1. What order do you get for 200-208, 153-161 when each peptide is scored by the mean count of other beta carbon atoms within 10 Å, highest first?
2. Using amide H atoms built 1.01 Å from N in the peptide plane, name the residues 5+ places from Leu43, or on other chains, whose amide H lies under 5 Å from its own.
3. Normalised by the number of residues in the chain, what is the relative contact order in percent for Cα pairs under 8 Å and 6+ residues apart?
4. For the pairs Lys5/Lys29; Lys5/Lys215; Lys123/Lys177; Lys29/Lys126; Lys13/Lys72, flag any whose C-alpha to C-alpha distance is greater than 19 Å.
5. Apply the membrane-span-like helix rule to the chain: whole DSSP H runs, Cα extent along the own long axis of at least 30 Å, mean Kyte-Doolittle hydropathy at least -0.5. List the helices found.
6. Sorted by average packing, counted as other Cβ atoms within 10 angstrom per residue and highest first, what order do 22-33, 184-195, 46-57, 93-104 take?
7. Beyond 22 Å, what share of the Cα-Cα pairs of the stretch 38-152 remains, rounded to the nearest whole percent?
8. Using 0.36 nm per residue of separation minus the Cα-Cα distance, give me the extension gain between Lys126 and Cys102 in nm, one decimal.
Amino acid sequence: MARGKQIYEGKAKILYEGPEPGTLIQFFKDDATAFNAQKKAVLEGKGVLNNRISEFVMLGLERIGIPTHFIKRINMREQLIRHVEIVPLEVVVRNVAAGSICKRLGLKEGDPLPRSVVEFYYKDDKLGDPMISEDHITAWGWASPQEIDDMMAYALRVNDYLSGLFAAAHIRLIDFKLEFGRQYENDMVRLILADEISPDGCRLWDLDTGEVMDKDRFRKDLGDVVEGYREVARRLGVLRNDDEGTGDKSGPKLVRNNGEAPS
Ligand code: UDP
């Protein structure tokens, strides 16, 4: 599939113009960053795994009626997506205390929360993505009250879906981050899920041992980062046990292909 000129390069992905108006190609890099890009590394094979995991999750969400930007996977590292105007917010859902909430509220990592909570952060690297309130969002016009309601409702539905999906794979969903975008069609605008859903933006612990299988392996120097991601992919049934999933030539043997022709 012909990809057009590069329009954006982020920390873990590159966006190119797509083959048709209203589409983009999202390329998954192996680059990893943490602590507002102060820590950097190239994790060989990460991009391939995130492409596959995100495809699998987005297709599952579409099936339960949550609109996403995902159209189809093109190859090992690229997917065709809908062009959206990104809402400049990170929407975090938490089930268990970990990461920044521990410091903020004096909680112990692993403490269950009284209920799932949704938080908003303003996407601005210079400011270190500060946490903000709904009033900040409407005061500065980053999203409308209706859009905030929609994001909260979608975020909780995504949480229910993902919690079940991962529990069936013997994985505990601790927290995760979502991004949304506005899709313009004629004179209509609708909010859809954008970005990616992968171990880069989720905390995923083994249900029994609590072993960390997400980007915290990189943040905390726990080693074998890509192996953690690969284990997530294997357990979800995206990769076969004997399948490394990182070779760009032969590629993984697809076992659960969501109705698409195997690549
Ligand atoms: N997260 C993310 N991108 C960010 C900040 C957070 O994907 O820029 C994810 C993170 O991986 C975790 C959740 O959002 O699953 C909550 O992160 P937290 O606020 O605890 O921040 P952290 O401690 O990861 O900096």
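1. Ranked from most to least packed, the peptides come out as 200-208, 153-161.
2. When sequence neighbours closer than 5 places are left aside, the close amide H contacts are Asp31, Ala32.
3. Computed over the chain, the figure is 17 percent.
4. Check vs 19 Å cut-off fails for Lys5/Lys215; Lys29/Lys126.
5. 145-168
6. 46-57, 22-33, 93-104, 184-195
7. When all Cα pairs of the stretch 38-152 are counted, 54 percent exceed 22 Å.
8. Full-extension gain reported as 6.3 nm.
Each value in this text was obtained by applying a stated rule to the coordinates, not by laboratory testing. Everything numeric in this text was worked out from a predicted model, so none of it was measured. Please note: Cβ atoms are built from the backbone with ideal geometry, for glycine as well, and neighbour counts cover all protein chains shown.
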